[in-house]
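One structure is given here, and the rest of the page talks about it.
Each reported figure results from applying straightforward, stated rules to the coordinates on display, with no laboratory input. Worth saying up front: this structure is predicted, and the values here are computed from it rather than measured. Here the Cβ positions follow ideal geometry from the backbone for every residue, glycine too, while neighbour counts run over all protein chains shown.
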Amino acid sequence: MKTEDLPLQSEQVAKLIDAATSAAANAYAPYSGFRVGAALLLMDGTIVTGSNVENASYGLTLCAERSALVRAVSEHGLQMRIRAIALANLNTASSSPCGACLQVLAEFIAPGAWIVFPYAGRLESRRFTELFPFPFDLRESMTS
Ligand code: THU
């Protein structure tokens, strides 16, 4: 079994959720009041976090997932791949990843990656591909 196919251990999930919750404390969400944190577990074991950063021009808001992703690429390079993602919010609410974030994350996702998020009062743990099976892939269409 390849590393990325191993299900996450409960200690790993707890550590990632903790990291995501700490990141949510740094969210800048004066407009929605919805404070989100994301923690990415990279294949090399590093955890990279991000939080949502809103803007008065609402459409410029960055979700927590994309904040974490740009940080991971900038700090760890183009070869880095994400083994797992955990999400948390400080609003005791469901927070599944939005479609825009799934599309952006898809380019750096390791095969078999997991995503863990609060939903309807409990933690859901799903394969990334289950949530987003058919990302738009320009590289694919350019080689054919
Ligand atoms: N938000 C995230 O950070 N991640 C998501 O996947 C969905 C929404 C943020 C964006 C905005 O600052 C707030 O939650 C309310 O939409």
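Pull up region 61-72, narrow it to residues that are over 16 Å from Gly33 (Cα atoms) and within 11 Å of the ligand (Cβ to nearest atom), then point me to the one that is farthest from the chain's Cα centre (by Cα). It comes out as Ser67.
When Val53 is tested against the conditions (1) hydrophobic (A, V, I, L, M, F, W, C); (2) more than 10 Å from the chain's Cα centre (by Cα); (3) more than 8 Å from the ligand (Cβ to nearest atom), the lone failure is (3). Can you name every residue in region 99-144 that is outside any strand (DSSP E or B), in contact (Cβ under 8 Å) with a residue 24 or more places away in the chain and of a type in the set (A, V, I, L, M, F, W, C)? Passing the criteria: Ala100, Cys101, Leu102, Val104, Leu105, Ala106, Phe108, Ala120, Phe128, Leu131, Phe132, Phe136.
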